[in-house]
Amino acid sequence: MVSHFPPRPTGATRDGEPAVPWELMAAEDAIVKREGPAERLLFVLVAAAVLAGLDLTVKMSLPTPEWAFHERSPEWAVLSALLLVGASALALVPSRAVALAAGVTAGGVLGNLASALWDGNRVPNPLVVGDEMHLVAFNLADVVFSVGNVVLMATLMIVTVRNRDRLIPPRRVARALYHRTRR
């Protein structure tokens, strides 16, 4: 392949041709090296949609006894929608791990919210564990939300510790109270 561009002094081969064709170098420069909030929001939304879809598939394919439906109030639906907004807002945190964990948490919320809205504010719980006297009924969205919440807390702690130099420093009064309680 003959290049129409002059060879680069750095990275050139013995023949004076660039080690990487100029076209590839230009394409490499166009690739975004660091994702922004929009890409992390996409992580949140895709993870939430996939996990909510999986939960709804499980709820539709497994039979649920009548006693295993949990009634939900309209206030619960509003709070669930606010949780989805909060999980989406976590895309502003500069971490893919936080975005993915927020998406997992949002997937659990979205799965239960969608099934409640679909089924007249009743959430089916087709997964039952226990014996005849002690039963626990739950669904995949409950598990997804719980796991996502734990992972989200862990990732937020890690991001906070790694970026502690960017945190707002404590005020003088807060420092004095802190030192007073440490004695």
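The values are calculated or read from the model by the stated rules, or taken from the named source; none is laboratory data. Please read these numbers as outputs of a predicted model, since none were measured by experiment. Heads up, the Cβs are rebuilt from the backbone with ideal geometry, glycines too, and the neighbour counts pull from every protein chain shown.
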Test for Leu156: is it closer than 21 Å to Glu39 by Cα, surrounded by fewer than 18 Cβ atoms within 10 Å (Cβ to Cβ), touching a residue at least 24 places away in the same chain (Cβ under 8 Å) and among the hydrophobic types (A, V, I, L, M, F, W, C): yes
Single match in Asn149, Asn163 (criterion: exposed (fewer than 13 other Cβ atoms within 10 Å of the Cβ) and within 20 Å of Ala101 (Cβ to Cβ)): Asn163
Residue count, the range 132-183 (criterion: over 26 Å from Val50 (Cα atoms), within 24 Å of the chain's Cα centre (by Cα) and assigned to a loop (DSSP other than H, G, I, E, B)): 2
Condition check for Asn121: crowded, with 23+ Cβ neighbours inside 10 Å, farther than 20 Å from Leu42 by Cβ and either of a type in the set (D, E, K, R) or in contact (Cβ under 8 Å) with a residue 12 or more places away in the chain (or both): no
Selection within the range 46-102 - in contact with a helix residue (DSSP H, G or I) (Cβ under 8 Å, 6 or more places away or on another chain) and among the β-branched types (Val, Ile, Thr): Val46, Val50, Val58, Val93, Val98
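Hey, does the range 95-118 have a residue that's farther than 24 Å from Leu45 by Cβ, at pLDDT 90 or above and surrounded by fewer than 18 Cβ atoms within 10 Å (Cβ to Cβ)?
no
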From the options Val129, Val85, residue that is assigned to a strand (DSSP E or B) and without any contact (Cβ under 8 Å) to a residue 12 or more places away in the chain: Val129
